[in-house]
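What follows is calculated from the coordinates using simple rules that are stated; it is not laboratory data. Not measured: the values here are computed from a predicted model. Neighbour counts are summed over all protein chains in view; Cβ atoms, including those assigned to glycine, are modelled from backbone coordinates with ideal geometry.
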Amino acid sequence: MAWAWVLLLWLPRRGGVEAFGGLLEDRSERDFKIAREAMSSCEHALGHTLGAAWLGCVFDTLDAWQVAALAAGRDDYYPVAPHDVSPWGLKPGGVGGFHRSEELKNWLRDYSCDAGPPASAPIGSRRWEYVPPPPCTGGSSAGAFVYHNGYLPAGDDMEEMTGRYTEAEAAEACGKAEACAGFTFSSPARAAGASHTMYFKNYSTGARPSAEWHSFKRRENPALCEEGRPPRLEEYEVRVLREVPPVFLVPNFVGAEDCDRMVNMTVPQMTRSVVSGGRASQERRSYSVNMYPDFEDNTNTVTKLSHKLFQFAREVAGYTSLYPNAGQEPVNAVFYKDYDDQYRAHCDGECRGGLYREGRRIATALVYCQAPEEGGATLFTRSGLKVLPEKGTMLFFGYKLNGSTMDNGHTEHSGCPLRKGRKWIATMWFREGVTPENDWQSMNDL
């Protein structure tokens, strides 16, 4: 059924004094109660708060109440006007009332978030087969360490180990220290047997290129190189929540061991999340830190995840030009740990029907590695899709529709408020046309 219902339109109110003092607050509170009553009625009738059926029911109910109130000369209604609900947006030719439309959309979001299960059911499924790259094809050195011509960033130093070592002595010392993630030193050139002042790290997000610095990062699992076993075929069920724009859900995409490793590695490093421009915001209440794939080490958990996500984007979602490289954005680890931590409705890239621009984000993948007991769902606020987090599950959605246009609202989404427990996710954003020389940061102003 094609839903074409309501956008909120500011209609004149009788009396003309509602804009002053407490009367405005009273009217706002009354509007909220009317809207909530419609939502509750529709949840009871439908048994869920999902999709166009839910959005359309709420709008239909509010519209019917408005018609009845106007016919009776009353003003106890919530004003609604023609609106498309899949995705939510002003009906073509409509004018005014945008702020009221956003108000009701956000109330719908809050209600659906707290309604909890059920989640959106898939409309189909398919199988995907994946063979990981061999664990030791990357890297410019064998054994337990991978060499990088660059430095490991300041901080996370194991100061008690700082001193003069040869490369071999430093590798031996780091190998014996369980907490050691690698070491770095400054020198115009490497020379066999030469000693340098070595700085050891207990955490490393990735080496930064520099001609006069040298770093050795510890492989996460060097035993995989020694065993020499070929990678095994992996099979996954891909649940289709939407075909266009694509929204896919893949259970068991990441194993428990890799999930736990990423959680344990990142949580001690996290700070309060920020939005574009580095600003703190009440719209985004969480903690985060970036994880950098090491493309010289295919045993690295973040590298393995990056390879798998990009291959999925190419083979399942059809974004055939996407490949991992150092020019792509790092993986963003996000931790929701406090009651009411959340991320309000937002778009990761263009989702207002604009034109495609190479270098901008075109798709997103979320991997849930900690699932809360209550709250924390991912809700697509303009289409009504809801995903309940499960450990190891991956959610993928794209917003590039074809070669020239972008999504017009379906992929706007929100992280619902945390109510009980904790939630940890790894977020990957995909861009076409980025390279190590022209990386994602150089594309942000396009």
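Near the amide H of A363, under 5 Å away, which other amide H atoms are found, from residues 5 or more places off or on another chain, if H is placed in the peptide plane?
Y399, F430
Run the numbers for S41 and D157: contour at 0.36 nm per residue of separation, minus the present Cα-Cα distance, in nm. Walk me through the numbers before you get to the answer.
Working: separation 116, 0.36 × 116 = 41.76 nm, distance 5.83 nm.
Full extension from S41 to D157 adds 35.9 nm.
Please work out how much length the chain gains when fully extended from D338 to A223, using 0.36 nm per residue of separation minus the C-alpha to C-alpha distance, in nm with one decimal. Show your work: numbers first, answer last.
On the way: separation 115, 0.36 × 115 = 41.40 nm, distance 3.82 nm.
Answer, rounded to one decimal: 37.6 nm.
Can you compute log10 of I(q)/I(0) for region 308-357 with the Debye formula, treating each Cα as one identical point scatterer, at q = 0.20, 0.21, 0.28, 0.31 Å⁻¹?
-1.01, -1.04, -1.11, -1.14
For labels at S442 and E212 in the simple 7 Å Cα→Cβ model, what's the distance in nm?
2.4 nm
Once you list every other residue whose beta carbon is under 11 Å from the beta carbon of S414, what net charge do they have if Lys and Arg are +1 and Asp and Glu are -1? Show your work: numbers first, answer last.
Working: positive: K105, R109, R284, R344, R382, K386; negative: D110, E283, E412.
Counting the neighbours of S414, the net charge comes to +3.
Using 0.36 nm times the number of residues separating F32 and K91, minus their current alpha carbon distance, what extension gain do you get? Don't skip to the end; give the middle numbers.
On the way: separation 59, 0.36 × 59 = 21.24 nm, distance 2.30 nm.
Answer, rounded to one decimal: 18.9 nm.
Of K33/K91; K33/K423; K91/K391; K308/K420, which ones are farther than 29 Å apart at the Cα? Before the final figure, lay out the partial values.
Numbers: K33/K91 25 Å; K33/K423 31 Å; K91/K391 39 Å; K308/K420 31 Å.
Correct reply: K33/K423; K91/K391; K308/K420.
Show that you can apply the helix-only estimate: for the chain, add -39,500 (n - 2.57) for every DSSP H stretch of four or more residues, divide by all residues, and state [θ] at 222 nm to the nearest 500.
Values: 7 runs with 105 residues, N = 446.
Mean residue ellipticity at 222 nm (helix-derived): -7500 deg cm²/dmol.
Could you work out the equivalent-ellipsoid semi-axes for the chain, taking the square root of 5 times each eigenvalue of the Cα gyration tensor, largest first, in whole Å? Mind dumping the intermediate values first?
Working: eigenvalues 492, 99, 75 Å².
For the chain, the semi-axes come out at 50, 22, 19 Å.
If R₀ is 25 angstrom, what is the calculated FRET efficiency for the pair T320 and E129, using the beta carbon separation as r and rounding to 0.05? Let's see the in-between values first.
Working: r = 17 Å, r/R0 = 0.68.
Calculated value: 0.90.
Round to the nearest 10 and give me the degree value, 0 to 90, for the angle of helix 301-315's Cα axis relative to the longest principal axis of the chain.
On a 0 to 90 degree scale, this one is about 50.
Summing +1 for each Lys or Arg and -1 for each Asp or Glu, what net charge is found among the other residues whose Cβ lies under 13 Å from the Cβ of C42?
-3
Using a 7 Å offset from the Cα along the Cα-to-Cβ direction at both E257 and E172, what is the distance between the two label points in nm, to one decimal?
3.0 nm
By count of other Cβ within 10 Å, fewest leading, how are L108, L233, L322 ordered?
Fewest-to-most Cβ neighbours within 10 Å comes out as L233, L322, L108.
Only Lys, Arg, Asp and Glu count, each charged at its Cβ (+1, +1, -1, -1), so figure out the dipole size of the chain about its Cα centre, rounded to 20 debye.
Numbers: 48 positive and 57 negative charges, 127 e Å.
Result for the chain is approximately 600 debye, rounded to the nearest 20.
Modelled label-to-label distance, M270 and R357, 7 Å Cα→beta-carbon offset: nm?
My value for the distance between the label points is 3.2 nm.
What FRET efficiency, computed as 1/(1 + (r/R0)^6) with R0 = 30 Å and r the Cβ-Cβ distance, is obtained for E234 and N290, rounded to the nearest 0.05?
Efficiency, from the Cβ-Cβ distance: 0.70.
Between S404 and R190, what FRET efficiency comes out of the Förster formula 1/(1 + (r/R0)^6) with R0 = 60 Å and r the beta carbon distance, rounded to 0.05?
On the way: r = 49 Å, r/R0 = 0.82.
Efficiency, from the Cβ-Cβ distance: 0.75.
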